[in-house]
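Here's the structure we're looking at; comments come further down.
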Amino acid sequence: DKKITIAIDGFSSTGKSTLAKQVAAHLGYAYVDSGAMYRAITLYAMENGFISPTHFDKQGLIKNLPDIKLDFRFNPDAGFAEMYINGQNAEKKIRTLEVSSLVSHVAEVSEVRAKLVEQQQHMGENKGVVMDGRDIGTVVFPNAELKLFMTASPETRAQRRYDELTQKGEAVTYEAVLKNVQDRDYIDSNREDSPLIQAVDAIVIDNSTLSRQEQFELVLGLATEAI
Ligand code: C5P
């Protein structure tokens, strides 16, 4: 049975992870949320005083990178793998708006990217993986058999992220979430190292015009063709 690699990139909150999880579960593939890894490094940097809304000690963080061990551990109750930092479950803490507001600055650092890309490539070396992020089809797996690029209007995206955060009990405003989504997209698309761009061979999926079920069926059809 031939296994393939599926790369899903796109702007924040376009429904990448929902689709990726669904496709991975259906194919019996592993799902890897690469954004969780950038969020985890950001949480570590916050908790160790390397970054705050007013300062960023890049060199301090870079020096400490070898001490940060990230791994995903499957939680059968949740039905997906959760992020662990040095053996501690960090899944909840990495999803806050505070982490979201700093993560794009951490993701600009080449040393951070090199560390995470290496681990991501290792996780995908036997194929049979669906990975979502910003540079999966361009940098992490440029030879992926199937590449998708997801888009949606900023308002659709902010609403999605706002609903997610308020469901978890975080006190946020729609305006703050919309601003965060727009800021991150700007930084992610304009950074020097591995900016968010559509791979030339990626297929565009617009989340504001297709239902979840339509997206799922479309991608499953494409995956079946590629396998
Ligand atoms: O996917 P998610 O929104 O959780 O990603 C959080 C942030 O991590 C992104 O806004 C981006 O700055 C960074 N990221 C990245 N490359 C990836 C995945 C995420 O730079 N492959």
Query raised in the report: Among all lysine pairs in the stretch 5-221 that are eight or more places apart or on different chains, how many have alpha carbons less than 17 angstrom apart?
Result: 10
Query raised in the report: Distance in nm between label sites at T54 and D1, each 7 Å beyond Cα in the beta-carbon direction?
Result: 5.6 nm
Report task. Would you mind calculating the gained length between F216 and A114 on full extension (0.36 nm times residue separation, minus the Cα-Cα distance), in nm to one decimal? Result -> 33.6 nm
Report task. Rank A78, A176, A144 by mean-square fluctuation in a GNM of the chain with C-alpha springs under 10 angstrom and give only the top-ranked residue. Result -> A78
Query raised in the report: Can you list residues whose amide H is under 5 Å from F11's amide H, if they're 5+ apart or on another chain and H is modeled 1.01 Å from N?
Result: M150
Query raised in the report: For the stretch 106-111, in order, what is each residue's ³J(HN,Hα) by Karplus, 6.51 cos²θ - 1.76 cosθ + 1.60 with θ = phi - 60°, in whole Hz (x at glycine and Pro)?
Result: 5, 6, 7, 7, 4, 5
Report summary line: Residue by residue through the stretch 149-158, the couplings from Karplus 6.51 cos²θ - 1.76 cosθ + 1.60 with θ = phi - 60°, in Hz, x for Gly and Pro, are 10, 9, 10, 5, 5, x, 5, 4, 5, 5
Report task. Amide H neighbours of A90 under 5 Å, at least 5 residues apart or on other chains, H built in the peptide plane: list them. Result -> M83, Y84, I85
**Report entry** Extension reserve of the Q182-D201 stretch, reckoned as 0.36 nm per residue once the Cα distance is removed
**Finding:** 4.3 nm
Query raised in the report: Mind listing which GluC sites (Glu not before Pro) in the stretch 152-181 are in a DSSP loop and have 14 or fewer other Cβ atoms within 10 Å?
Result: E170
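With charges only on Cβ, +1 for K and R and -1 for D and E, what is the dipole size of the chain about its Cα centre, in debye, rounded to 20? Don't skip to the answer; put the middle values down first.
Working: 25 positive and 33 negative charges, 60 e Å.
I would put it at about 280 debye.
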Report summary line: Summing -39500 (n - 2.57) over every DSSP H run of at least 4 in the chain, dividing by its residue total and rounding to the nearest 500, the 222 nm mean residue ellipticity is -14500 deg cm²/dmol
Query raised in the report: Under a plain spin-label model, where a point goes 7 Å from the Cα along Cα-to-Cβ, how far apart in nm are S208 and H105?
Result: 3.0 nm
Requested in this report: Starting at the first residue of the stretch 19-27, write each ³J(HN,Hα) from the Karplus equation 6.51 cos²θ - 1.76 cosθ + 1.60 with θ = phi - 60°, in whole Hz, x for Gly and Pro.
Outcome: 5, 4, 4, 5, 5, 4, 4, 5, 8
Report task. For the chain, state the semi-axes of the equivalent ellipsoid (square roots of 5 times the eigenvalues of the alpha-carbon gyration tensor), sorted largest first and rounded to whole angstrom. Result -> 26, 21, 17
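Values in this text are rule-based calculations from the coordinates and carry no lab data. All of these numbers come straight from a predicted model, not from anything done at the bench. FYI the Cβ positions are ideal-geometry reconstructions off the backbone, even for glycines, and counts take in every protein chain you see.
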